[in-house]
Structure formats: structure tokens, C-alpha cells
Amino acid sequence: MTVDEAYAQIEKAVGAGRPANGYLVVGGVRGMAGELADRVLKLLYGNGDLRAHPDIHRLAPEKKSRIISVEAMRTRMIDPMGQTAFQGGWKAGVVYGADRLKTESANAFLKTLEEPPPHTLFLLLTEQPEQLLPTIISRCQRIDLPDARGRLLAEPFRSKVVEILASDRLKGVTEQAAAAGRLAAILEALKAQAAELVDEEVDAAGDGPGEEAGKDAYDALVASRYKEFRTDFTATLMSWFRDLMALVAAPPSRSSYDDSGEETPLVNASKRAVLESRASRLSLAAAIRNVEAVEAFATSLERNMQELPLLLFLMDRVRFGVEAAR
């Protein structure tokens, strides 16, 4: 379902005064799911600045464990959603990363979801619906958006990563080390953006990092956001090497088309010519090893190992297809 189709469905239900108890929106929390949530909120409250609207209540994972605690659920969602709307209209509750609800917080929310107060609308945004309690899922109307799987970096970061991988300057050790340095610089930029976004959210909520949350909690929020960006970074790397593997398995020299008469689908379709040329120089075994190397890189990142040494090691392990096949 597209964002437009999902929006039209919710708009019709709201217009009739009969929205679902809750909408489980499966997609990129900072992608299409977030876009849909913003559009629905504008439907309810207009096009003004909604970041601190008194009838919109938002909840997101907190702390180093990236959870939504039962205390946060009660004080920032259940209790305020049960009160009379300040402006006498709709009340909206948006849960970002609903898969991070702890069992206790999910169970606390369940009663409100089963019997929502009048004129309330709940949006539960998630990229991992399988992590939610079945009782939560069963009481929501599910909306699956096109970016529900396979998250990639947002622009302009994605294009920068792809341009580095598509560069012809990857043949030697020195050039590969330089590419690793450029990729590490992108990660540093993502760290800075994570801090900027958290600062904006803190300002919108009216809480300084040294007040309610404290510096440790603020740092944890920034680290949590950066981990999300880092996951998208790894997914973008993986998409390139999976495209290579797909073309090695079905090389254009043999057939550019599958049984349906269509070209092999690629995530990085704009770089098809480069990818096809690279794939012609790789063996299937080498292409598979590339994917395994990126998977190992992702695992090491999750252990919070230093990014630059990991990228240098990755650049040394993978075969880009600018060399002759081994």
C-alpha cells in the first residue's frame, strides 16, 4: 500500500468519525511510516507547527537499552490520552518504534487500545512488527508501506556511499584505504545529524538535556539514533554487494532478463552499467564472500568496535570487481 492510499483510507475513517482503535504502520519510522504519521496529524490539526501541540502525544525508545518503559507509557501516553482535549477535538498518540515496547508497557497500553477514549487516534510505527505482542497486533489495523523492509540511508548520505562504491579508484590498497576513510567520514556526519535531531526533539518537548533526562540519558538518545543511522548505512553497503551477487548469478552476457522478460531487479538500478561491468569480473564464490564480509562488518559494528579499522578491514576483504576474478 502506498502512503497516498494509506492516507486516503485513514482520512475516510476519520471523516466518518470511526477510525480503527489503532493503526499499526509498518515501514520506515524515519521514512514512509513517519511521513504518513505527519500527514495524518496535519489532517487532524492543520499545517502549523505541530511539534509541541498539546493534543499530540509522542513516545519513542529511550535510554541505552532503547526501550519504551511502562512508566513512560503511563505518564506520556495513557494518562494524557485519557484527558479532555485542550482544543476540544481529536487527541493523537504516536508511538515511534513500537516494537521496543516492553511486555509491561505493552500490557499497560493494551486496555487503552481495546477501549480507546472518544475522538482518539493511535499510530504505532514500526519496522519490526514481529517483535510486537500478538495482542497489540490483533487490536490494530495494519498498514504495510513499500519501505517496510530493506531500510537504506536517506539522502544525501546514500548517494555518497554509492558513489564511493562505484568509483574506479578502488584497485589498490592505498585507494581502498582512502575509500574507507571517506566512508568513515559519512559515519561521523551521521553522528552529528543524530545529535542535531535529538536536540530538535528536546527543544520541541521543552526539556533540556540536563533537566528531566540528564546528560547520560541525552547521550543515550543520541547513541540510539546514531545506531539506527548506522544500521541504514550497513544496509546501503549490503544492497550494493547483493546487487553484484545477483548479477553474477544471472550475468547479462548470458541473459539480461529473467523468465518474465524483465531485467534482474537491482536496488541500485541507476548504477546498473557499473554493476554489470563489475559482476563480469567476479566469480560467484567471490560475490558470496563479499556479502559475508559485510554481514561480519555489521556484527562487529553492533559490538561498538571502532568504525575506521572495521572499514579498512572490510575494504581489504571484499572484491569490488575492478580486479580480475580470482
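The values are calculated or read from the model by the stated rules, or taken from the named source; none is laboratory data. Bear in mind that the values here come from a model prediction, so they are computed numbers and not experimental data. Glycine gets a Cβ as well: all are built from the backbone with ideal geometry, and neighbour counts include every protein chain shown. Accessible surface areas use protein heavy atoms only, side chains included; no ligands, DNA or RNA. Shrake-Rupley method; radii C 1.70, N 1.55, O 1.52, S 1.80 Å.
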>> Could you work out the pair-distance distribution P(r) of the chain from its alpha-carbon pairs, with 10 angstrom bin width and percents rounded to whole numbers?
In response: 5, 23, 28, 21, 15, 7, 1
> Working from the pairwise distances between different alpha carbons, so that the mean of 1/r is found and then inverted, what is region 75-204's Kirkwood radius in Å?
Replying inline: 18.5 Å
> Over region 75-202, what percent of the accessible surface lies on carbon and sulfur atoms, probe 1.4 Å?
Replying inline: 51 percent
> Quick one: accessible area per residue over region 1-146, 1.4 Å probe, rounded to a whole number of Å²?
Replying inline: 48 Å²
> What translational diffusion coefficient, in µm²/s and rounded to a whole number, does the Stokes-Einstein relation yield for region 1-130 at 10 °C and a viscosity of 1.306 mPa s, taking the hydrodynamic radius as the Kirkwood radius over Cα pairs?
Replying inline: 107 µm²/s
> How much accessible area per residue does region 262-321 have, in Å², with a 1.4 Å probe?
Replying inline: 51 Å²
>> Restricting to Cα pairs below 8 Å that are 6+ residues apart, what does the relative contact order work out to for the chain? Please round to a whole percent.
In response: 18 percent
>> Are there DSSP H segments in the chain that both extend 27 Å or more along their axis (alpha-carbon positions) and score a mean Kyte-Doolittle hydropathy of at least -0.5? List them, or say none.
In response: 173-205, 214-249, 284-302
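For region 71-201, with only Lys/Arg (+1) and Asp/Glu (-1) charged at the beta-carbon, what is the dipole magnitude about the Cα centre, in debye rounded to 20?
Using only the charged Cβ atoms, the result is roughly 200 debye.
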